[in-house]
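To start, the structure itself, in structure tokens.
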Amino acid sequence: MPIYSGRMPTVPPEPAPGPEPHQYRQIAESFGTDPERYDRTRPRYPDALVDRIVAASPGPRVLDVGCGTGTAARQFQAAGCTVLGVEPDARMAGFARRTGVEVEVATFEAWDAAGREFDAVIAGTAWHWVDPVAGAARAAQALRPGGRIAPFHHVFQSPPEVVEALAQVYRRVVPDSPFNLSSQLTRSPLDAYQALFTKIADGIRAAGTFSEPEQWRFDWERSYTRDEWLDQMPTLGALTQLAPDKLADVLEGAGAAIDAIGGSFTMQYATVAVTASRTGDA
Ligand SMILES: C[S@@+](CC[C@H](N)C(=O)[O-])C[C@H]1O[C@@H](n2cnc3c(N)ncnc32)[C@H](O)[C@@H]1O
């Protein structure tokens, strides 16, 4: 599949016709371009979210789908869990292993539980790259009765000045991109993400063996200097595959916008889990 063809739900996703995010495999598996930068710059998950998932799971065995460099996995380890990661990008998996996370290299759809049982299946900002129906069915097979499925996503809202400048330069530099970065100007990222959360919940319902899905939301904020945000930006799905000159143009546009509002800003985050517990037979 070409990298950029037609429209796709963006990140933040939109309920647009066309392929679903998980069908864009080249973007889905592009995060290992620079695992060190990814791990250094991507935000951790709220401790309250980790604690709530741990408390609502019947034991400590956690499967972390799309574990990437191990961001969420290490937080669950610190909370007393044993964690197995599943990650299709060998570069990300290699980084996670070096930090002490056990990882098997596979897409979750193709991964084989081989009879192993888990108390929780989590995914940190990764379930949008997984087929929501096949993924929930696979999670149901890997979970013991009472086990919890809990994919969660960071939703973030940059200041409008930064969104506008970024969208403008992105449209100029990558006119054929399926990512619509200006969608945040017309509706809130949380509204845009709600379509994704609904699809995740529908996938969980389709498995036929979970309780009714709930959403758990944790609001927080973090301030970024210009340099801190520009350091993280190349890890975003819309930018991982840009040629260096195009990426430099995009970063320059975003940097100028941050300079114009004083050189730093506060990012509003909501981290949202869609979660249910396994009831019947998988
Ligand atoms: C945005 S990163 C999130 C990584 C990590 N969980 C974190 O919180 O930082 C998404 C990850 O999902 C992985 N991924 C993509 N498609 C996947 C699939 N079908 N099954 C499992 N993981 C997948 C990517 O390789 C990438 O490492």
Notebook entry, point to check: Here are some conditions: (1) under 23 Å from ALA137 (Cα atoms); (2) within 8 Å of the ligand (Cβ to nearest atom). VAL105 meets all but one. Which one does it not meet?
Noted result: (2)
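Could you please let me know if THR99 is surrounded by fewer than 18 Cβ atoms within 10 Å (Cβ to Cβ), within 13 Å of the ligand (Cβ to nearest atom) and of a type in the set (Val, Ile, Thr)?
Numbers: surrounded by fewer than 18 Cβ atoms within 10 Å (Cβ to Cβ): yes; within 13 Å of the ligand (Cβ to nearest atom): yes; of a type in the set (Val, Ile, Thr): yes.
In short, yes.
Within segment 259-282, track down each residue that is more than 30 Å from TRP127 (Cβ to Cβ) and either surrounded by 18 or more Cβ atoms within 10 Å (Cβ to Cβ) or in contact with a Ser or Thr (Cβ under 8 Å, 6 or more places away or on another chain) (or both).
Step one: filter segment 259-282 for residues more than 30 Å from TRP127 (Cβ to Cβ), giving 259-264.
Across segment 259-282, the qualifying residues are GLY263, SER264.
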Next item on the list: Within segment 159-203, count every residue that is outside any helix (DSSP H, G or I), open to solvent by 30 Å² or more (accessible area, probe 1.4 Å) and touching a Leu at 6+ places or on another chain (Cβ under 8 Å).
Entry: 1
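In contact (Cβ under 8 Å) with a residue 40 or more places away in the chain and out of contact with any helix residue (DSSP H, G or I) (no Cβ under 8 Å at 6 or more places or on another chain): which single residue out of GLU161, GLU212, GLU221 fits that description?
Working: GLU161 fails: out of contact with any helix residue (DSSP H, G or I) (no Cβ under 8 Å at 6 or more places or on another chain); GLU212 fails: out of contact with any helix residue (DSSP H, G or I) (no Cβ under 8 Å at 6 or more places or on another chain).
Residue meeting the stated conditions: GLU221.
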Check: So which of ARG116, ARG138, ARG148 is away from the ligand (no atom under 16 Å from the Cβ) and more than 23 Å from PHE218 (Cβ to Cβ)?
Finding: ARG116
Next item on the list: Would you check which residues across segment 223-256 are within 18 Å of GLU164 (Cα to Cα), in contact with a Lys or Arg (Cβ under 9 Å, 6 or more places away or on another chain) and open to solvent by 10 Å² or more (accessible area, probe 1.4 Å) and list them?
Entry: PRO234, ASP249, GLY253
Checklist line | Selection within segment 65-79 - crowded, with 22+ Cβ neighbours inside 10 Å, near the ligand (Cβ under 6 Å from one of its atoms) and over 14 Å from PHE118 (Cβ atoms) | finding: GLY66, GLY68, ALA72
Next item on the list: Select from segment 123-158 the residues that are modelled with pLDDT of 95 or more, in a helix (DSSP H, G or I) and of a type outside the set (Phe, Trp, Tyr) and list them in ascending order.
Entry: PRO132, VAL133, ALA134, GLY135, ALA136, ALA137, ARG138, ALA139, ALA140, GLN141, ALA142
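Residue check: is ALA110 within 16 Å of the ligand (Cβ to nearest atom), within 26 Å of GLY280 (Cβ to Cβ), in contact (Cβ under 8 Å) with a residue 24 or more places away in the chain and over 17 Å from the mean Cα position of the chain (by Cα)? Don't jump to the end; show me each part of the working.
Numbers: within 16 Å of the ligand (Cβ to nearest atom): yes; within 26 Å of GLY280 (Cβ to Cβ): yes; in contact (Cβ under 8 Å) with a residue 24 or more places away in the chain: no; over 17 Å from the mean Cα position of the chain (by Cα): yes.
Judged against the criteria, ALA110 is not a match.
Could you tell me which residue of segment 31-64 is nearest to the ligand (Cβ to nearest atom), considering only residues that are open to solvent by 50 Å² or more (accessible area, probe 1.4 Å) and basic (Lys, Arg)?
Here is the first cut: in segment 31-64, the residues open to solvent by 50 Å² or more (accessible area, probe 1.4 Å) are 33-34, 36-37, 40, 44, 47-48, 51-52, 55, 58, 60-61.
Those left that are additionally basic (Lys, Arg): 37, 40, 44, 52, 61.
Values: ARG37: 12, ARG40: 11, ARG44: 8, ARG52: 17, ARG61: 18 Å.
Among residues in segment 31-64 that are open to solvent by 50 Å² or more (accessible area, probe 1.4 Å) and basic (Lys, Arg), the one nearest to the ligand (Cβ to nearest atom) is ARG44.
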Next item on the list: Scan segment 80-91 for residues that are within 9 Å of the ligand (Cβ to nearest atom) and closer than 19 Å to PHE152 by Cα and jot them down.
Entry: GLY85, VAL86, GLU87, PRO88
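The values are calculated or read from the model by the stated rules, or taken from the named source; none is laboratory data. These numbers come from a predicted model, not from an experiment. All Cβ positions, glycine included, derive from the backbone under ideal geometry; neighbour counts span all protein chains shown. Just the protein is used for accessible areas: all its heavy atoms, side chains included, with ligands, DNA and RNA removed. Shrake-Rupley method; radii C 1.70, N 1.55, O 1.52, S 1.80 Å.
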